[in-house]
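Enquirer: Pasting a structure below so you can have a look.
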Amino acid sequence: MTVACTRDNGMVFPDDLRDWQRELRAQFPIITGHPELTYLDSAATAQKPQAVLDAVHTYLTTANANAGRGTYPWANRTTDLVERTRDRVREFLGDPAPERSGVHFTSGTTDGLRTVARDWLTSYLADGDEIVVPDADHRANIEPWLETQRLLARQGVRVHVRRMPYQPGSGDYDHLALSEPAGRRTRFVAATHVHHVYGGNMNVHRIRQAVGPDAVICLDAAQSVGHLPVSVADLDVDFVVFSGHKALALSGSGAVWARQTRGPAFAPGGWSGTPNTAGIASLAAALDWLDAAGTHRIERWTVALAARLTDGLRHLDAYDILGCPLSLAAGSPVQQRQGIVTFRHRDITSGDLGFILFSHGFMVRSDNHCQGSAGETTGSVRVSLHAYNTPEEIDRLLAVLADLA
Ligand code: PLP
C-alpha cells in the first residue's frame with residue numbers, strides 16, 4: 001500500500017520562536033561575521049556556536065593530554081572527559097538503561113557504520129541469514145553492509161542482502177512491503193532516521209513493527225541528532241550512529257550508541273589509538289548547547305523554514321522538489337519533512353544553479369549528495385537548515401529562484 005503524500009495540517013510559522021532564534025543565531029561567529037552570505041548546507045556540516053569553540057579552546061589550553069594512559073592530572077582530566085562524554089551521549093539520546101549500553105567515539109557516521117559492520121555484524125550473522133540494506137540512502141549506510149556480505153562469503157557464510165523497499169514519490173520506506181517475507185531470517189536492518197536528500201523522517205518505529213522484536217536495527221542518525229529530539233527509548237533500535245560535526249561539534253567527531261541487548265555486545269577496537277579528545281570536548285559542549293536550546297524547538301523552527309521553502313517552490317513551475325513535494329506538518333501519520341529541501345530546475349543543471357546561487361551569497365549543496373545506486377540519477381540542489389537560518393533568508397532565496405524561473 002502506498003500512503004498519500006499530502007499535507008494533513010496547516011503549517012503555521014512559529015512566531016513564538018523568533019526571539020529565541022535571534023539569540024541563538026547571535027552565538028555563531030561565522031554566521032554573524034558574514035552577513036553577506038547565507039549558509040544553507042548544514043546537512044553537510046553544521047556551523048559551531050561560541051560555546052563549542054570556547055570548550056575546545058579551554059580543553060586545549062588547560063588539560064590537553066592523551067586519554068586512558070597517563071596518571072598525571074591533565075591525563076586524568078582527559079580520560080574523565082572521554083568517559084563523561086560517553087554518559088552525556090547516553091543522556092542526550094534518552095537512554096533508559098545507560099548501565100547496559102555502550103558508546104564508542106568515531107570520526108563520523110561513515111566511520112561509525114563501518115565499525116558496526118566490521119566489529120559486530122560479521123560475528124553476528126550466520127549462513128542463510130538476511131540483512132536489509134537501504135540502497136537509496138546515503139552510500140555510507142550501504143557499502144559497509146555489502147562489504148560484510150563479501151567478507152563472510154569468502155569464509156563460506158552466505159548472507160542474503162534484501163534491498164529496503166521504498167514508496168515511490170515520497171522517499172519514505174515502504175514499511176508494509178518490508179514486513180512481507182515474515183518468517184525469513186531477517187536478522188539485521190540498516191535504516192536512516194532522516195533522509196539526507198528527501199528530507200523525510202523515515203518512520204523508523206514502523207520498521208520495528210514490520211520486522212518484529214528480534215531483528216537488530218542500526219540507525220544512521222546523521223541528519224537527526226542535533227536537529228530534532230532523538231530518543232532511543234521511543235525508537236527501539238539497537239545502534240544509533242551519528243556525526244558530531246553535523247550536530248555543531250568539530251569535524252572528525254562522532255559516536256556509535258549500542259543498546260547491547262540483541263545479539264552479542266558491541267566491542268569495538270578499544271583504546272588502541274588516540275581518540276579525538278578535542279573533538280570529544282566539542283561534542284560534549286555541543287550536546288549541552290543543543291539541550292539548552294531545545295532540540296524540539298530547533299525541529300519546529302527548521303521544519304517551518306523547510307515548509308516556507310516548499311510552499312514557495314511549488315508556485316514556481318520551473319522547479320521539481322525531490323521526494324514528497326509538501327512539507328508535512330508535525331504529527332503527520334504519513335511522513336514529516338525535516339529541515340532539508342532538495343530540488344531541480346528544469347533547464348539549469350544543479351552545478352550551474354549552485355554557482356548562480358553562490359553569486360547571490362547562498363551556499364547550497366549541488367550534486368547527487370552521495371546517494372546510493374537506487375537513488376536519483378541526476379544532480380539536484382539541496383538546501384539544509386539549522387537554528388541559525390531565518391525566514392528572511394528563505395524569502396531572499398525564493399526571490400532569486402523566482403527570477404531564474
Ligand atoms: N549518512 C547520512 C544520512 C549523511 O547525510 C551523511 C553525510 O552527509 C553520512 C551518513 C556520512 O557522514 P560523515 O561524512 O560525517 O561520515
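Enquirer: I'm told Gln260 meets every condition in (1) touching a helix residue (DSSP H, G or I) at 6+ places or on another chain (Cβ under 6 Å); (2) open to solvent by 10 Å² or more (accessible area, probe 1.4 Å) except one. Can you identify the failing condition by its number?
Expert: Of everything listed in (1) touching a helix residue (DSSP H, G or I) at 6+ places or on another chain (Cβ under 6 Å); (2) open to solvent by 10 Å² or more (accessible area, probe 1.4 Å), Gln260 misses just condition (1).
Enquirer: On to the next question. Output yes when any residue across segment 203-216 is surrounded by 15 or more Cβ atoms within 10 Å (Cβ to Cβ), within 25 Å of Asp41 (Cα to Cα), within 17 Å of the chain's Cα centre (by Cα) and not hydrophobic (A, V, I, L, M, F, W, C), and no when none is.
Expert: Scanning segment 203-216 turns up at least one residue that is surrounded by 15 or more Cβ atoms within 10 Å (Cβ to Cβ), within 25 Å of Asp41 (Cα to Cα), within 17 Å of the chain's Cα centre (by Cα) and not hydrophobic (A, V, I, L, M, F, W, C).
Enquirer: Another question about this same structure. Of the numbered conditions (1) within 23 Å of Ile207 (Cβ to Cβ); (2) within 15 Å of the ligand (Cβ to nearest atom), Gly128 fails exactly one; give the number of that condition.
Expert: (2)
Enquirer: Hey, could you check segment 75-86 for residues that are open to solvent by 10 Å² or more (accessible area, probe 1.4 Å) and in contact (Cβ under 8 Å) with a residue 12 or more places away in the chain and say which is nearest to the ligand (Cβ to nearest atom)?
Expert: Just the residues of segment 75-86 that are open to solvent by 10 Å² or more (accessible area, probe 1.4 Å), to begin with: 76-77, 79-81, 83-84, 86.
The next check asks that each one be in contact (Cβ under 8 Å) with a residue 12 or more places away in the chain; those that pass are 77, 79, 81, 84, 86.
Working: Arg77: 27, Thr79: 25, Leu81: 21, Arg84: 23, Arg86: 19 Å.
Residue satisfying both the conditions and the ranking: Arg86.
Enquirer: Right, here's the next one. Which of the residues that make up segment 372-399 are farther than 30 Å from Trp289 by Cβ, open to solvent by less than 60 Å² (accessible area, probe 1.4 Å) and under 20 Å from the mean Cα position of the chain (by Cα)?
Expert: Step one: filter segment 372-399 for residues farther than 30 Å from Trp289 by Cβ, giving 372-380, 399.
Of the ones still in play, those that are also open to solvent by less than 60 Å² (accessible area, probe 1.4 Å) are 372, 374-376, 379-380, 399.
Matches in segment 372-399: Gly372, Ala374, Gly375, Glu376, Ser380.
Enquirer: Among the candidates Ala330, Ala292, Ala285, Ala281, single out the residue that is at pLDDT 95 or above and open to solvent by 30 Å² or more (accessible area, probe 1.4 Å). Don't jump to the end; show me each part of the working.
Expert: Numbers: Ala330 fails: at pLDDT 95 or above; Ala285 fails: open to solvent by 30 Å² or more (accessible area, probe 1.4 Å); Ala281 fails: open to solvent by 30 Å² or more (accessible area, probe 1.4 Å).
Of the residues listed, the single one that is at pLDDT 95 or above and open to solvent by 30 Å² or more (accessible area, probe 1.4 Å) is Ala292.
Enquirer: Another question about this same structure. For segment 222-238, what are the residues that are part of a loop (DSSP other than H, G, I, E, B) and in contact (Cβ under 8 Å) with a residue 60 or more places away in the chain?
Expert: Step one: list which residues in segment 222-238 are part of a loop (DSSP other than H, G, I, E, B), which gives 222-224, 226-227, 229-231, 236-238.
Hits for segment 222-238 are Ala222, Gln223, Ser224, Gly226, His227, Pro229, Val230, Ser231.
Enquirer: Kindly indicate whether any position in segment 28-35 is assigned by TED's automatic domain parsing to the domain that holds Leu397 and either of a type in the set (Asp, Glu) or surrounded by 14 or more Cβ atoms within 10 Å (Cβ to Cβ) (or both). Lay out the reasoning, then the answer.
Expert: Our first condition is that a residue be assigned by TED's automatic domain parsing to the domain that holds Leu397; within segment 28-35, this holds for 28-35.
Still in the list and also either of a type in the set (Asp, Glu) or surrounded by 14 or more Cβ atoms within 10 Å (Cβ to Cβ) (or both): 28, 31.
Among the residues of segment 28-35, at least one is assigned by TED's automatic domain parsing to the domain that holds Leu397 and either of a type in the set (Asp, Glu) or surrounded by 14 or more Cβ atoms within 10 Å (Cβ to Cβ) (or both), which makes the answer yes.
Enquirer: Quick one: Pro325 ticks every box in (1) at pLDDT below 95; (2) open to solvent by less than 20 Å² (accessible area, probe 1.4 Å) except a single one, so which number is it?
Expert: With respect to (1) at pLDDT below 95; (2) open to solvent by less than 20 Å² (accessible area, probe 1.4 Å), Pro325 is out only on (2).
This table checks each residue for (1) over 15 Å from Gly372 (Cα atoms); (2) modelled with pLDDT of 85 or more; (3) of a type in the set (Asp, Glu); (4) open to solvent by less than 20 Å² (accessible area, probe 1.4 Å).
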position: Gly128; (1), (2), (3), (4): yes, yes, no, no
position: Ile131; (1), (2), (3), (4): yes, yes, no, yes
position: Ala136; (1), (2), (3), (4): no, yes, no, yes
position: Pro144; (1), (2), (3), (4): no, yes, no, yes
position: Thr148; (1), (2), (3), (4): yes, yes, no, yes
position: Arg154; (1), (2), (3), (4): yes, yes, no, no
position: Pro181; (1), (2), (3), (4): yes, no, no, no
position: Arg185; (1), (2), (3), (4): yes, yes, no, no
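Enquirer: Still on this structure: Residues of segment 333-355 being at pLDDT 90 or above and assigned to a loop (DSSP other than H, G, I, E, B), which ones?
Expert: The initial filter retains those residues of segment 333-355 that are at pLDDT 90 or above, namely 338-355.
Scanning segment 333-355 gives Gln338, Gly339, Arg346, Asp347, Ile348, Thr349.
Enquirer: Within segment 356-368, which residues are in a loop (DSSP other than H, G, I, E, B) and closer than 19 Å to Gly199 by Cα? It would help to see each step written out before you state the result.
Expert: From segment 356-368, those in a loop (DSSP other than H, G, I, E, B) are 360-361, 364, 368; that's our starting set.
Selection gives Val364, Asn368.
Enquirer: Given the residues Ala249, Ala292, Ala285, which is the only one that is touching a helix residue (DSSP H, G or I) at 6+ places or on another chain (Cβ under 8 Å), in a helix (DSSP H, G or I), under 23 Å from Thr62 (Cβ atoms) and not acidic (Asp, Glu)? Explain how you work it out, then say what you get.
Expert: Values: Ala249 fails: in a helix (DSSP H, G or I); Ala292 fails: touching a helix residue (DSSP H, G or I) at 6+ places or on another chain (Cβ under 8 Å).
The conditions single out Ala285.
Enquirer: Provide a single number: the residues in segment 164-209 that are more than 16 Å from the ligand (Cβ to nearest atom) and out of contact with any Pro (no Cβ under 8 Å at 6 or more places or on another chain). Please lay out each step first, then the result.
Expert: Our first condition is that a residue be more than 16 Å from the ligand (Cβ to nearest atom); within segment 164-209, this holds for 165, 167-170, 174-188, 205-206, 208-209.
From the residues that got through so far, the ones that are out of contact with any Pro (no Cβ under 8 Å at 6 or more places or on another chain) too are 165, 167-170, 175-176, 179-188, 205-206, 208-209.
So the answer is 21.
The values are calculated or read from the model by the stated rules, or taken from the named source; none is laboratory data. Quick caveat: nothing in here was measured; it's all calculated off a predicted structure. Backbone-built Cβ (ideal geometry, glycine too); neighbour counts: all protein chains shown. Side chains are part of the model used for accessible areas, which takes the heavy atoms of the whole protein and leaves out ligands, DNA and RNA. Shrake-Rupley method; radii C 1.70, N 1.55, O 1.52, S 1.80 Å.
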